[in-house]
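The structure appears right after this line, and notes come after that.
The values are calculated or read from the model by the stated rules, or taken from the named source; none is laboratory data. It should be emphasised that the depicted structure is a prediction, and the values quoted were computed from it without experimental measurement. Counting neighbours? That spans all protein chains shown, and the Cβs are built from the backbone with ideal geometry, glycine included. Note: accessible area is taken over every heavy atom of the protein model, side chains too, but ligands, DNA and RNA are not part of it. Shrake-Rupley method; radii C 1.70, N 1.55, O 1.52, S 1.80 Å.
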Amino acid sequence: MDLYEYQARQLLAEQGIDTPKGIFAQNSHEVAEAADEIGYPCVVKAQVRIGHRGQAGGVKLAKTQDEAILSSEQILPMTIRGHKVNGVLVAEAKNVLHEYYVSISLDRSSRDFDVLATANGGTEVEEIAKEHPESVKRLHISALQDFDMDAARSMAESIGFYHADVDQAADVLLKMWKCFKDNDATLVEINPLAKIGDSDDESSKKLCALDAKISLDDNAAFRHDGWKRFADTTHTDMFEEHAKEHGLHYVHLKGEVGVIGNGAGLVMSSLDAVSGAGEEQGTGVKPANFLDIGGGASAEVMSTSLSIVLSDPQVESVFVNVYGSITACDQVAQGILEALKKLNISKPIVVRFDGNAAAKGLKILEDAHNPNIHVSATMEEAAQEAARLAKHTKETTK
Ligand code: GDP
Ligand code: MN
């Protein structure tokens, strides 16, 4: 899960990393209040899970309340490279003397952690790194060892924190590492890590995180109360929330055919098959969702999956595509029947089984003699049938 900047700053602040005061706001009234509280000048920053907001016009300086409101009116309706802006962060504007870049990330290939740092931070960091790769310093932290003050100091020295003292930079690096570990992150990036203050007053100068990007490892959510405090209340999809509560991998789409399968690859190709069938039949019928029941799914998982998919009123038919491996098709068949018993299902369910216990599963379905259950021999046939039935149900129940 990628955090918004305002949430990432919160995690850095919890470790004692200096970050300017900021308030999250979602409309011009909230922006006006926030800006008065922060004081002027302030920066109004798009909260969106993508970088390079500055270059896209998503970061603006405001010297008065009117300017802050005007900036937010420009930023709030923006979509930055496909990401809808979720709100703005109104933050204290700082006098920037220099911009560094520092990040800690999980390196899956070497099974350790990468610390990257350069004295040429800021919005052009990628371009400068390409032209001057030698200016970017990299250090590995072994998963079995720790990153200590000595390592952090030598890192800070090697990248030349010439505007700040090395001790302060090493302190920030160590706190970033603690933030990374404590939160089960896969990325903690600060760009810019800015040297701020008054250029004539040495004692006013310090390092401060003006922007932060943090990604958390979804597999560790259970250790952090499901990261409820970062739940995105503005863009939540009811069905996706419900599926998440049951630990299911579900993505809500816009079509009419519910799709349930085991394994992401199989579900993806089932979506393609449904779209293809809708196109071929000239109806434009499309998949309503992606739902992967995963490996070793029980009858209960299947039954829950069906109830979630069918709770979407857009769904006119369901395509269940299971290639039995650890997941046995007879279990899936039991789950379908359980769901049919529990829910008052009037929509057709097209089933295609193959692999482990496929024959047994089909026999269970056959013996149930339920007119809403349709069986197809191949994935293509099943997709065609599900698309056809979706169109039919829609027309007959209108
Ligand atoms: P990004 O473009 O998404 O990486 O957004 P940033 O938060 O990094 O902002 C882009 C740039 O705006 C930074 O590199 C800074 O140069 C500038 N910026 C952001 N906050 C401040 C601030 O408080 N004071 C000043 N002077 N510049 C800022
Ligand atoms: Mn940035």
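Tell me whether segment 156-163 contains one or more residues that are open to solvent by 30 Å² or more (accessible area, probe 1.4 Å), touching a strand residue (DSSP E or B) at 6+ places or on another chain (Cβ under 9 Å), within 15 Å of ligand 2 (Cβ to nearest atom) and not assigned by TED's automatic domain parsing to the domain that holds Glu30.
No - not one qualifying residue is present in segment 156-163.
Are any residues in segment 88-129 under 15 Å from Asp211 (Cβ atoms), out of contact with any Pro (no Cβ under 9 Å at 6 or more places or on another chain), within 10 Å of ligand 1 (Cβ to nearest atom) and part of a strand (DSSP E or B), and if so, which ones?
Leu89
Among the candidates Gln55, Gln10, Gln26, Gln15, which residue alone is without any contact (Cβ under 8 Å) to a residue 60 or more places away in the chain and either more than 30 Å from Phe222 (Cβ to Cβ) or surrounded by fewer than 22 Cβ atoms within 10 Å (Cβ to Cβ) (or both)?
Gln10
Please determine, by comparing only the residues of segment 192-227 that are of a type in the set (D, E, K, R) and under 14 Å from the mean Cα position of the chain (by Cα), which one is nearest to ligand 2 (Cβ to nearest atom).
The qualifying residue nearest to ligand 2 (Cβ to nearest atom) is Lys213.
Taking segment 248-274 on its own, how many of its residues are assigned to a loop (DSSP other than H, G, I, E, B) and surrounded by 12 or more Cβ atoms within 10 Å (Cβ to Cβ)? I'd like the intermediate steps shown before the answer.
We begin by selecting, within segment 248-274, every residue assigned to a loop (DSSP other than H, G, I, E, B); these are 248, 253-256, 262-263.
Filter again for surrounded by 12 or more Cβ atoms within 10 Å (Cβ to Cβ), leaving 248, 253, 255-256, 262-263.
Of the residues in segment 248-274, 6 are assigned to a loop (DSSP other than H, G, I, E, B) and surrounded by 12 or more Cβ atoms within 10 Å (Cβ to Cβ).
Scan segment 35-61 residue by residue and report those that are small (Gly, Ala, Ser) and within 11 Å of ligand 1 (Cβ to nearest atom).
Residues satisfying the conditions are Ala46, Gly51, Gly54, Ala56, Gly57, Gly58.
Out of curiosity, is Phe230 touching a residue at least 60 places away in the same chain (Cβ under 8 Å) and under 30 Å from Gly355 (Cβ atoms)?
Answer is no for this residue.
Is it the case that segment 168-185 has a residue that's assigned to a helix (DSSP H, G or I), loosely packed, with under 15 Cβ neighbours inside 10 Å and assigned by TED's automatic domain parsing to the domain that holds Gly16?
yes
Can you tell me which of Val90, Val31, Val44 is within 25 Å of Leu187 (Cα to Cα) and either out of contact with any Cys (no Cβ under 7 Å at 6 or more places or on another chain) or among the small types (Gly, Ala, Ser) (or both)? Spell out how you get there, then give the answer.
Details: Val90 fails: either out of contact with any Cys (no Cβ under 7 Å at 6 or more places or on another chain) or among the small types (Gly, Ala, Ser) (or both); Val31 fails: within 25 Å of Leu187 (Cα to Cα).
Going through Val90, Val31, Val44 in turn, just one is within 25 Å of Leu187 (Cα to Cα) and either out of contact with any Cys (no Cβ under 7 Å at 6 or more places or on another chain) or among the small types (Gly, Ala, Ser) (or both): Val44.
Restricting the search to segment 201-235, which residues are closer than 16 Å to Asp165 by Cα and not hydroxyl-bearing (Ser, Thr, Tyr)? Spell out how you get there, then give the answer.
First pass over segment 201-235, keeping only residues closer than 16 Å to Asp165 by Cα: 201-209.
Within segment 201-235, Asp201, Glu202, Lys205, Lys206, Leu207, Cys208, Ala209 qualify.
Residue check: is Asp114 among the acidic types (Asp, Glu), at pLDDT 90 or above, surrounded by fewer than 19 Cβ atoms within 10 Å (Cβ to Cβ) and out of contact with any Gly (no Cβ under 8 Å at 6 or more places or on another chain)?
Criteria met by Asp114.
Can you pull out the residues in segment 93-116 that are away from ligand 2 (no atom under 15 Å from the Cβ), under 24 Å from Lys21 (Cβ atoms) and among the hydrophobic types (A, V, I, L, M, F, W, C)?
Of segment 93-116, the ones away from ligand 2 (no atom under 15 Å from the Cβ) are 95, 97, 104-115.
Checking the rest, the ones that are also under 24 Å from Lys21 (Cβ atoms) come to 95, 97.
Passing the criteria: only Leu97.
Across segment 187-205, what is the number of residues that are open to solvent by 30 Å² or more (accessible area, probe 1.4 Å) and either part of a strand (DSSP E or B) or basic (Lys, Arg) (or both)?
Residues meeting the conditions: 3.
Of the residues that sit in segment 232-243 and are outside any helix (DSSP H, G or I) and open to solvent by 60 Å² or more (accessible area, probe 1.4 Å), which one is farthest from ligand 2 (Cβ to nearest atom)?
Out of the qualifying residues, it is Thr236.
Name the one entry in Thr64, Thr79 that is loosely packed, with under 14 Cβ neighbours inside 10 Å, among the hydroxyl-bearing types (Ser, Thr, Tyr), outside the structural domain of Lys178 (by TED's automatic domain parsing) and at pLDDT below 95. If you could, list the steps in order and put the result at the bottom.
Details: Thr64 fails: at pLDDT below 95.
Result: Thr79 is the single residue among Thr64, Thr79 that is loosely packed, with under 14 Cβ neighbours inside 10 Å, among the hydroxyl-bearing types (Ser, Thr, Tyr), outside the structural domain of Lys178 (by TED's automatic domain parsing) and at pLDDT below 95.
Is at least one residue of segment 277-285 modelled with pLDDT of 95 or more, surrounded by 18 or more Cβ atoms within 10 Å (Cβ to Cβ) and within 24 Å of the chain's Cα centre (by Cα)?
no
Is one or more of the residues making up segment 206-221 open to solvent by 40 Å² or more (accessible area, probe 1.4 Å), assigned to a helix (DSSP H, G or I), at negative phi and out of contact with any Ser or Thr (no Cβ under 8 Å at 6 or more places or on another chain)?
Yes: one or more hits.
Look at segment 117-134 and say how many of its residues are in contact (Cβ under 8 Å) with a residue 12 or more places away in the chain and open to solvent by 30 Å² or more (accessible area, probe 1.4 Å).
So the answer is 3.
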